[in-house]
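Student: Take a look at this one; I'll ask things after.
The values are calculated or read from the model by the stated rules, or taken from the named source; none is laboratory data. From a predicted model like this one, the values you see are computed outputs, not experimental measurements. Glycine gets a Cβ as well: all are built from the backbone with ideal geometry, and neighbour counts include every protein chain shown. Areas reflect the complete protein model, heavy atoms only, side chains present, ligands, DNA and RNA absent. Shrake-Rupley method; radii C 1.70, N 1.55, O 1.52, S 1.80 Å.
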2 protein chains.
Amino acid sequence: MTPTLSDGQLAALDAYWRAANYLSVGQIYLRDNPLLDRPLTRQDVKPRLLGHWGTTPGINFVYAHLNRLIVEHDLDMIYVIGPGHGGPGLVANAYLEGSYTEHYPAIERSHSGMERLFRQFSWPGGIPSHVSPETPGSIHEGGELGYSLAHAYGAAFDNPDLIVACIVGDGEAETGPLAASWHSNKFVNPARDGAVLPILHLNGFKIANPTILARIGREQLTELLRGYGHEPYFVEGDDPAIVHRVMAETLEMVLQDIKTIQAAARTAAGAPVRPRWPMIVLKTPKGWTGPKTVDGVPVEGTWRAHQVPLADFSKPEHVAQLEAWLQSYRPAELFDEGGKIRDALSALAPTGHRRMSSNPHANGGMLLEPLSLPDFRDFAVAVATPGGVEAEATRALGHYLREVMRLNLDRQNFRLFGPDETASNRLDAVYDVAGKAWMAEIEPVDQDLSATGRVMEVLSEHLCQGWLEGYLLTGRHGFFSCYEAFAHIVDSMLNQHAKWLKVSRNIPWRRPIASLNYLLTSHVWRQDHNGLSHQDPGFIDQVANKTSDIARIYLPPDANCLLSVADHCLRSRDYVNLIVAGKQPEWQWLGIDAAVRHCTAGAGIWHWAGIADEDPDVVMACAGDVPTLEALAAVMLLRDYVPDIRIRFVNVVDLMVLEPRGEHPHGLDDHGFDALFTTDKPVIFAFHGFPAMIHKLTYRRTNHGNMHVRGYKQEGTTTTPFDMVVLNDLDRYRLALDAIERIPRFAHEVPAARNRYWATMERHKLHIAEHGEDMPEVRDWRWSA
Amino acid sequence: MTPTLSDGQLAALDAYWRAANYLSVGQIYLRDNPLLDRPLTRQDVKPRLLGHWGTTPGINFVYAHLNRLIVEHDLDMIYVIGPGHGGPGLVANAYLEGSYTEHYPAIERSHSGMERLFRQFSWPGGIPSHVSPETPGSIHEGGELGYSLAHAYGAAFDNPDLIVACIVGDGEAETGPLAASWHSNKFVNPARDGAVLPILHLNGFKIANPTILARIGREQLTELLRGYGHEPYFVEGDDPAIVHRVMAETLEMVLQDIKTIQAAARTAAGAPVRPRWPMIVLKTPKGWTGPKTVDGVPVEGTWRAHQVPLADFSKPEHVAQLEAWLQSYRPAELFDEGGKIRDALSALAPTGHRRMSSNPHANGGMLLEPLSLPDFRDFAVAVATPGGVEAEATRALGHYLREVMRLNLDRQNFRLFGPDETASNRLDAVYDVAGKAWMAEIEPVDQDLSATGRVMEVLSEHLCQGWLEGYLLTGRHGFFSCYEAFAHIVDSMLNQHAKWLKVSRNIPWRRPIASLNYLLTSHVWRQDHNGLSHQDPGFIDQVANKTSDIARIYLPPDANCLLSVADHCLRSRDYVNLIVAGKQPEWQWLGIDAAVRHCTAGAGIWHWAGIADEDPDVVMACAGDVPTLEALAAVMLLRDYVPDIRIRFVNVVDLMVLEPRGEHPHGLDDHGFDALFTTDKPVIFAFHGFPAMIHKLTYRRTNHGNMHVRGYKQEGTTTTPFDMVVLNDLDRYRLALDAIERIPRFAHEVPAARNRYWATMERHKLHIAEHGEDMPEVRDWRWSA
């Protein structure tokens, strides 16, 4: 067999790798003298050394080889960097390819450009030390570990011609999300989707410890990877000349496997079978080509190479060692006197959009097509009078989403994500158009599973979120429905995605992408059957901590408001949209036109539920579907108790209207806020989440001192739906008592109201204990004006 | 070979299983007529049917077989139930064993007791539907999936005679944390630790979908499990008579394997080698022994069996089918007329503490021994004058923890947990006493790895937390150190553990356990080198949302305060203690006695840093080490700017002192709060986390309107340490300006102060851009009184 690489090709490839390594070391260490035109001095070295060398040569090694493969086979390929701490590597390669200079013209391909390139790295006002939104060619922030492979699969879905190479660090491989991500290959259809090529980099060490996968032996590692459904190819060694040849040959084989798999699936009749996808295990020394020892202690191939292997440049021998290290790459062969990469080297890289640093998939907004959206009004629930009809809000949404799915089938750019809960969340109408993606075995009893499914269900919130992020970042659209309590599983992923959006919004060449849309359906107030573990509304707090240019939180009180909000979210860009709306049959309040007006305003007075005039005794406010129900029921109770009461009823859909305008663009100005909540009347606020959230949003408002908030206070168990609100003092009886207690002219009513309240509570407790379900007056309650 | 089970034993075992199944179905369905003394009617059936049948027969099947094994071999065993939605199964078995009645005397082993047992399940005022703290024998809440195997390993550490059987649902197996947990076996020392016996239950389906592991074929599944380092034994079938025999024989083999492994490790000289631990794959139909079909549609063995396979009892045929289902277990053979379990059956169960429902390990507080703690004062940093010395707070803590480790080595009841960061977090002194647990391969370059290590390092926050929870719940002690931003990875685990503590505190027979102690060291203000992804102080918010009987948050400003706080936390019970304290060299403020006094009070005036008198112009308040530094520096600036300024300096260690006493037991009463923060003076509050947290805690306080809070506002990148506080307006110059702007008598100083502020900022920006490090006046700053 002819070797894949001629000697000349090998030398060229190695030179390219050396160039990337040189530029990486330069970024970590040098503030001056980038081409070593003169002997290196301590003053040329940065005062603070921030960066991670250990993983970088491996990243660069793979990059160089992927480049060869791209050029050789004209591939459409992107590269997801799990060990993203090796930021200098990706920057170096983007610079070698020219796209760095295209994005950042000051970083020219010249002596002074290289000096700027080096200096800006981990330098105030420069660029971060990890792979970040600032890095051309990346869809993956490399700071927090665990999500690279899920991102890679998200990018590959519906991109049949794309290959997503994903380097997975053996440190990252210990995380839960990454461990779960290997099974993503059961959801990839080789006929329709692109390919993911995982490259497990057995670098051997984390910060201070060996990695598990590097220390279980070749046999168990092979079993493990085959168990994941992969065919592992091992590339191992520390002699570059040998490893180059093995890597090049392996990549050819791997590519051939991928092509064979895809060709078979794309020509065969019937549903494709799940293949055994190839992958690579690359075992090379940590900090490869770096200092073998420092101060007599081994460094290359050990955990000591993790960050900066050489430090303390008060020691002259360290300066000399750094210079020798840099010279070991023979920079004079790589760059001309002016600092420009030599043409022979530069010619090795792909060109244009074939460059991984310039691939449009890695700047998804460039490829983003708006969804074709049906008129959400067509799916409205007919509401002749408020409270005149019951409906399941998410079922109405499901009908709308089915049409969204249908209208965009041709574009193949919309998917639903959820942990085994799409049907449970009443969104199953979408199955009429697209089933659940599934490439594992199918049995007769299964329903709606399909190799061409577009609903992604796996019992891992991490995978749902990671896939969706990858899908969005490569320019597509999606919707993630999830139990409210278990959204906390992805708190940290939300953090990282929000950070990515915050930064990328300010990078001119990053185009806007579709928003990350969450629908939390099985929410705290309707998890009475699943008990305390399923009851937590804190994801709202998590989203609210994000910056105001990113975070949007909606609490639609009924089906039509949910439709209006969802449509808005699917049209939006660069946001995190959180929607909380229940799935149970509930009374409906607003016709579709009123719903649109209400959602557009974000909050408003419901005149039909209270008085229209300017002088209420009390403001009954609410946010969330169940709190709205309880607040309306409280209004009816109050009218019965104290018929001349003047109640203003305020509903909040868009939670951020409560914040001052200076804090959030959706915030009402003070005039608007006061027009709803008055400046001096008691406000009883029934809130879906933790009460402190309302105080946090409103503490600067004039009438804050009169705001009395009820919400979730961590009480719950397996009980009845109404008992859930009782346990947390969010029930209608408590809200009504709260109001009476705070209206001065009803002071004389308070003792009677309290007695009535406690008697009702007693009756409630006795009833549920006896009957196991709520009192008829609660179950059969209806609004009447 | 003689079969393990005689025919008689098989029949008895099957009867026991039938009894558990009968009791499980009864709990899900019946409110009356528990023994079917009369024909079943619709009125006997609960009005709301809440529970999960699908997984329950499998749980019961394993339980019965483990019982046989325990009795046969006199084993010390507990059973962790990953598919904890099958709550009725564990309750049924505890009832069969008598321990349920011991814990809940009203649930007698009689007709009326059984009626109560059935009725209470998922009934208001009764017990939750999932395995929960109320369930005897459990250390694992079964609501949120993913953590069973990590809990099992946590329980097994340092319990050499314990076997922890852990049933893992194939749904749960899709989660990230569970997927990572398989590698826990690289941390189990067969000589020192107990054994975990994973039983992967291939029930086949989730709520509405098949499971991945049930659909990848036997070959790939075997490879996967062998790759995890296990030897899988397959037990498969749907004919109970056959599966009983196979299961019994398999358990004998598995136990023999465990004994062989442990015996070899415990007698061999030198470090034990990592064995291939046995495990079981149990493949049985979902909803086994339940209705085969309902309304003509297949149920047993499908996802339809997940919750209640029979519903809608307005159909008389459903009532009949339920009765037939119940009768299929032949209850008359199992229970006497009075409802008591027949003696022959009852005799099959283990007795006393050998019963899994009564094993003290599953009620860890029963076994809890207080740690032997050294005098933390012995590790104090000598602080002759405030700001007179620099120290790394966590290094001082490391010295203390080393002695904690040493003093409790004999008891084997203390471990440290952290994701590869113990040394990075400067706690490495502990290695002097105990290394890092590691059973995988060891190479010469490795340091401090040991089969007998007591520091648990794995790059998975999920595993660290899960192991620690399991360790605590079985009556031991631990400490989890973690990067602040990445603590969010375990937000949802924290939620579940806090819920467990909240409930178990109110269960008389649950004894208090050691608190869950977090140390967040690499915190937001000192992640300038790692950049935005590593900068997030939101875990404080997450803990603060927990109930006040559980949540404790400490922000020690220096090493001696950290020592005092840590000692307090290690002595506490049933709390979640969050400690945030940096690891970098910083100035020290309080001698050890002053630190103890300060931490005991939770907050106090630092007279040496301000005025002692009663009439300050401004209160400079702070919480957190870096905010304290900046606030003190601001004081010095202000003295320079306006020498006659009267500043009161307040430091807060225990964040919850800020909440009203009615909200949190640590809350200061209003008098105490006002004595610190005045009722009318401007307060400049420099806070470690998101500023809104301070407002949320203090909005009810008299002087809240004058509180001006600075904290993290999501600004950051790779930059200098001081630039991090500048970017977030938490720096000394801004704090000083804030103060001047708010003191009426200095109104005339404001224009000059603003000019000075902007000039300083300009100088700062220029300096860091030019030099890559902070201005000398910042780097070299020292406090002077």
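Student: Take B:THR284 and decide whether it is touching a Gly at 6+ places or on another chain (Cβ under 6 Å), among the β-branched types (Val, Ile, Thr), under 21 Å from B:ASN67 (Cβ atoms) and in contact (Cβ under 8 Å) with a residue 60 or more places away in the chain.
Tutor: So B:THR284 passes the test.
Student: How do the pairs read when you match residues in the range A:108-127 that are facing chain B (nearest Cβ under 8 Å) and open to solvent by less than 60 Å² (accessible area, probe 1.4 Å) with residues anywhere that are in a helix (DSSP H, G or I) and of a type in the set (Asp, Glu), using Cβ under 7 Å and keeping only pairs 6 or more apart or on different chains?
Tutor: A:PRO124/B:ASP723
Student: When you scan the range B:205-220, do you find a residue that is more than 8 Å from chain A (Cβ to nearest Cβ), part of a strand (DSSP E or B), in contact (Cβ under 8 Å) with a residue 12 or more places away in the chain and of a type outside the set (A, V, I, L, M), even just one?
Tutor: Yes, the conditions are met somewhere in the range B:205-220.
Student: Might you check whether a residue that is under 23 Å from the mean Cα position of the chain (by Cα), more than 16 Å from A:ASN560 (Cβ to Cβ) and open to solvent by less than 20 Å² (accessible area, probe 1.4 Å) occurs anywhere in the range A:386-407?
Tutor: Yes.
Student: Does the range B:651-660 contain at least one residue that is among the aliphatic types (A, V, I, L, M) and open to solvent by 10 Å² or more (accessible area, probe 1.4 Å)?
Tutor: Looking through the range B:651-660, none of the residues is among the aliphatic types (A, V, I, L, M) and open to solvent by 10 Å² or more (accessible area, probe 1.4 Å).
Rundown of residues vs (1) within 10 Å of chain A (Cβ to nearest Cβ); (2) under 37 Å from the mean Cα position of the chain (by Cα); (3) within 20 Å of B:ALA485 (Cβ to Cβ), yes/no style:
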| residue | (1), (2), (3) |
| --- | --- |
| B:PHE722 | yes, yes, yes |
| B:ASP731 | no, yes, no |
| B:ARG734 | no, no, no |
| B:ASP738 | no, no, no |
| B:PHE746 | no, no, no |
| B:VAL750 | no, no, no |
| B:ARG754 | no, no, no |
| B:TYR757 | no, no, no |
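Student: Filter the range A:273-285 down to the residues that are surrounded by 20 or more Cβ atoms within 10 Å (Cβ to Cβ) and in a loop (DSSP other than H, G, I, E, B) and list them by number.
Tutor: Hits for the range A:273-285 are A:ARG274, A:PRO275, A:THR284, A:PRO285.
Student: Can you confirm whether A:VAL25 is open to solvent by less than 10 Å² (accessible area, probe 1.4 Å), in contact with a Cys (Cβ under 6 Å, 6 or more places away or on another chain) and outside any loop (DSSP other than H, G, I, E, B)?
Tutor: no
Student: Looking only at the range A:527-541, which residues are under 13 Å from A:PHE690 (Cβ atoms), in a helix (DSSP H, G or I) and facing another protein chain (nearest Cβ under 7 Å)?
Tutor: Selection gives A:ASP541 alone.
Student: What number of residues within the range B:468-526 satisfy the criterion of being out of contact with any strand residue (DSSP E or B) (no Cβ under 9 Å at 6 or more places or on another chain), part of a loop (DSSP other than H, G, I, E, B) and of a type in the set (Asp, Glu)?
Tutor: Selection size over the range B:468-526: 0.
Student: With respect to B:GLU457, is the statement that it is at the interface with chain A (Cβ under 8 Å from one of its Cβ atoms), more than 21 Å from B:GLY475 (Cβ to Cβ) and either open to solvent by 10 Å² or more (accessible area, probe 1.4 Å) or not charged (D, E, K, R) (or both) true?
Tutor: For B:GLU457, the condition - at the interface with chain A (Cβ under 8 Å from one of its Cβ atoms), more than 21 Å from B:GLY475 (Cβ to Cβ) and either open to solvent by 10 Å² or more (accessible area, probe 1.4 Å) or not charged (D, E, K, R) (or both) - is not met.
Student: Considering every residue within the range A:561-569, establish whether at least one is at pLDDT below 95, in the same structural domain as A:PRO419 (by TED's automatic domain parsing), surrounded by fewer than 22 Cβ atoms within 10 Å (Cβ to Cβ) and of a type outside the set (S, T, N, Q).
Tutor: no
Student: Scan (1) within 14 Å of chain A (Cβ to nearest Cβ); (2) out of contact with any Pro (no Cβ under 7 Å at 6 or more places or on another chain); (3) crowded, with 21+ Cβ neighbours inside 10 Å for the single condition B:LEU727 breaks and write down its number.
Tutor: Checking B:LEU727 against (1) within 14 Å of chain A (Cβ to nearest Cβ); (2) out of contact with any Pro (no Cβ under 7 Å at 6 or more places or on another chain); (3) crowded, with 21+ Cβ neighbours inside 10 Å, the one that fails is (3).
Student: Now for a separate question. Regarding the range B:54-61, can at least one residue be identified that is closer than 25 Å to A:GLU770 by Cβ and within 14 Å of another protein chain (Cβ to nearest Cβ)?
Tutor: Looking through the range B:54-61, none of the residues is closer than 25 Å to A:GLU770 by Cβ and within 14 Å of another protein chain (Cβ to nearest Cβ).
Student: Can B:ARG42 be described as among the basic types (Lys, Arg), touching a residue at least 12 places away in the same chain (Cβ under 8 Å) and open to solvent by 10 Å² or more (accessible area, probe 1.4 Å)?
Tutor: Here the answer is yes, as B:ARG42 does meet what is asked.
Student: If you don't mind, there's one more thing I want to ask. Can you find even one residue in the range A:552-560 that is surrounded by fewer than 24 Cβ atoms within 10 Å (Cβ to Cβ) and more than 9 Å from chain B (Cβ to nearest Cβ)?
Tutor: There is no residue in the range A:552-560 that is surrounded by fewer than 24 Cβ atoms within 10 Å (Cβ to Cβ) and more than 9 Å from chain B (Cβ to nearest Cβ).
Student: Could you list, in sequence order, all residues of the range A:254-267 that are in contact (Cβ under 8 Å) with a residue 24 or more places away in the chain and either polar (S, T, N, Q) or exposed (fewer than 14 other Cβ atoms within 10 Å of the Cβ) (or both)?
Tutor: A:GLN262, A:ARG266
Student: Another one. Pull up the range A:269-304, narrow it to residues that are of a type in the set (Ser, Thr, Tyr) and at pLDDT 95 or above, then point me to the one that is nearest to the chain's Cα centre (by Cα).
Tutor: Only one residue fits best here, namely A:THR284.
Student: Which condition number does A:TRP781 fail, the rest of (1) under 37 Å from the mean Cα position of the chain (by Cα); (2) under 30 Å from B:LEU49 (Cα atoms) being met?
Tutor: (1)
So that you can scan it fast, the table gives a plain yes or no per residue for (1) more than 10 Å from chain A (Cβ to nearest Cβ); (2) not aliphatic (A, V, I, L, M):
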{"position": "B:ALA150", "(1), (2)": "no, no"}
{"position": "B:PRO160", "(1), (2)": "yes, yes"}
{"position": "B:CYS166", "(1), (2)": "yes, yes"}
{"position": "B:ASP170", "(1), (2)": "no, yes"}
{"position": "B:ALA173", "(1), (2)": "no, no"}
{"position": "B:TRP182", "(1), (2)": "no, yes"}
{"position": "B:GLY194", "(1), (2)": "yes, yes"}
{"position": "B:LEU200", "(1), (2)": "yes, no"}
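Student: What's the number of the only condition in (1) under 18 Å from A:PRO627 (Cβ atoms); (2) free of Cβ contacts under 8 Å to residues at least 40 places away in the same chain; (3) part of a helix (DSSP H, G or I) that A:LEU735 fails to meet?
Tutor: (2)
Student: Report yes if some residue within the range B:454-461 is within 21 Å of B:ALA152 (Cβ to Cβ) and part of a helix (DSSP H, G or I); otherwise report no.
Tutor: The answer is yes; a qualifying residue exists.
Student: Name the pairs: first residue in the range B:182-198 and closer than 15 Å to B:MET456 by Cα, second residue outside any loop (DSSP other than H, G, I, E, B) and among the basic types (Lys, Arg), Cβ to Cβ under 8 Å, at least 6 apart or on different chains?
Tutor: Listed pairs, sorted by first residue: B:LYS186/A:ARG215.
Student: Additional query: A:LEU13 fails exactly one of the following numbered conditions: (1) under 20 Å from A:VAL246 (Cα atoms); (2) in a loop (DSSP other than H, G, I, E, B). What is the number of that condition?
Tutor: So the condition that A:LEU13 fails would be (2).
Student: Then there's this: Only residues that are over 29 Å from B:GLY453 (Cβ atoms) and of a type outside the set (D, E, K, R): list them for the range B:139-166, please.
Tutor: B:GLY142, B:GLY143, B:LEU145
Student: Only one of A:ILE507, A:ILE489 is at the interface with chain B (Cβ under 8 Å from one of its Cβ atoms) and either at pLDDT 95 or above or open to solvent by 10 Å² or more (accessible area, probe 1.4 Å) (or both). Can you tell me which?
Tutor: So the residue among A:ILE507, A:ILE489 that is at the interface with chain B (Cβ under 8 Å from one of its Cβ atoms) and either at pLDDT 95 or above or open to solvent by 10 Å² or more (accessible area, probe 1.4 Å) (or both) is A:ILE489.
Student: Listed residues B:ALA485, B:ALA514, B:ALA440, B:ALA451; which is of a type in the set (A, V, I, L, M), touching a residue at least 12 places away in the same chain (Cβ under 8 Å) and within 23 Å of A:LEU50 (Cβ to Cβ)?
Tutor: Criteria check complete, one pass: B:ALA485.
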